[in-house]
1. For the Cα atoms of the chain, what angle does the longest principal axis make with the long axis of helix 18-28, in degrees from 0 to 90, nearest 10?
2. Compute the length gained on full extension between residue 359 and residue 129: take 0.36 nm times their separation in residues and subtract their Cα-Cα distance, giving the result in nm to one decimal.
3. Determine one quarter of the surface area of the Cα convex hull of segment 313-451, which equals its mean projected area, and express it in nm² to one decimal.
4. May I ask for the distance between the Cα centers of segment 436-483 and segment 173-194, given as a whole number of Å?
5. Which whole-number percent of Cα pairs in segment 222-487 have a distance greater than 31 Å?
6. Quick check: the distance between the Cα centres of segment 292-366 and segment 58-88, to the nearest angstrom?
7. Which FRET efficiency value, to the nearest 0.05, is calculated for residue 163 and residue 498 with the Förster distance at 60 angstrom and r the Cβ-Cβ distance?
8. I'd like the per residue volume of the convex hull spanned by the Cα atoms of segment 81-221, given in cubic angstrom.
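Derivation of every value follows stated rules applied to the coordinates shown; laboratory data play no part. All values derive from a computational prediction rather than experimental measurement. All Cβ positions, glycine included, derive from the backbone under ideal geometry; neighbour counts span all protein chains shown.
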């Protein structure tokens, strides 16, 4: 299945979803009795709708997490699965419980490998934080234990899984999602033959939990930006370069980044695989890989649960060459932004043409736009995007000298101030003598904010060491932008004299 075919949506389960849920549970839990009865699920949805979460793809449910509220002191101690049940298989939900209890997480077999289970676990954690509960508890099956039960005890099995000497699809996944094993539960579910009746008592502690009486204001919503200050280096194959891309995506995802940004023309080293002295042929050779990079980086976005701005790449369309950046959302959808203003070098040596519109894209972490390098030096584009609610502007760039870099930097800072948004610039460093006209790089990637009291005194949220390959992270607060728009020391967007001037677009 191609990630471009996915249209993932996270939502709460509804009663009319039961036929799909039953089919999924029967498929996944065929070894322990299959689906719950409809009245059991209906009661869960009616009593605790927020805790019943599903992932759907084009209207088809492909993943589910079922959850109840419980009393922490009771269920953080030894218990059995039957302690969660009353007569007629009705699951007990304590409306005033101070912890969540994870009942089930199911992923359709055809959708495994996209890390969708992690997405459901993250949604549960977010719910726990929103409700200000102490923790998430769960009784976890150890489904591979039956293979080892003749030779080792259940506690020895847990230790081997913890040390990664043995793989258990459920426990290994839960440990990777920050759950800890509090204890081993004996006779938790006697019908679970694969686990020999055992289970682990797992806990994820809400480190943001506060006693209700100490909560004064709601927490602000934050997101994390990750950018790759990319080292240009010779490569022997496209596979080698894609492996490097995935390494960085994995690293950024491990630090819980919501976005990963790559520089303009970051895959230019592939031009070294052909006759790079003939620049027209070399850039068209590179364009031959763009579709593959778009597809594979889209799959990474889904698999690593991170929105990726792919830097930029040449796109050959009807014998016309463009410089294009892709937004690969973590739900599988893809958008594109073409470079509008083409530099003299790009026109002369590569015969690149400019695109004809800019857009603002809605993501699960804010409204974002992309301006490729030279485009950020034209204030009209940023202003048009600001009028559409732009919150974060991504600027992948390539510059060879410090004065060229400073043009991008200073203009990006101006866009952040005048449009009251965050601006992230990301470039490449190092040498690439194998490629004509791309042999030298200069960059210092940065994140800029508006200039007001809520932001750093120099309006620089984060920046890298110049000319060094590294990752850059920055935590951004979108609520601060909202406050600035209405209550800032100055309010640039509000105070425009639209009675005297305006910026008009000529595209639909």
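1. 80
2. 79.4 nm
3. 9.0
4. About 43 Å separates the Cα centre of segment 436-483 from the one of segment 173-194.
5. In whole percent, the share of Cα-Cα pairs in segment 222-487 beyond 31 Å is 18.
6. Taking the Cα centre of segment 58-88 as reference, the centre of segment 292-366 is 43 Å away.
7. On the way: r = 65 Å, r/R0 = 1.08.
Calculated transfer efficiency: 0.40.
8. Once divided by residue count, the hull of segment 81-221 is 141 Å³.
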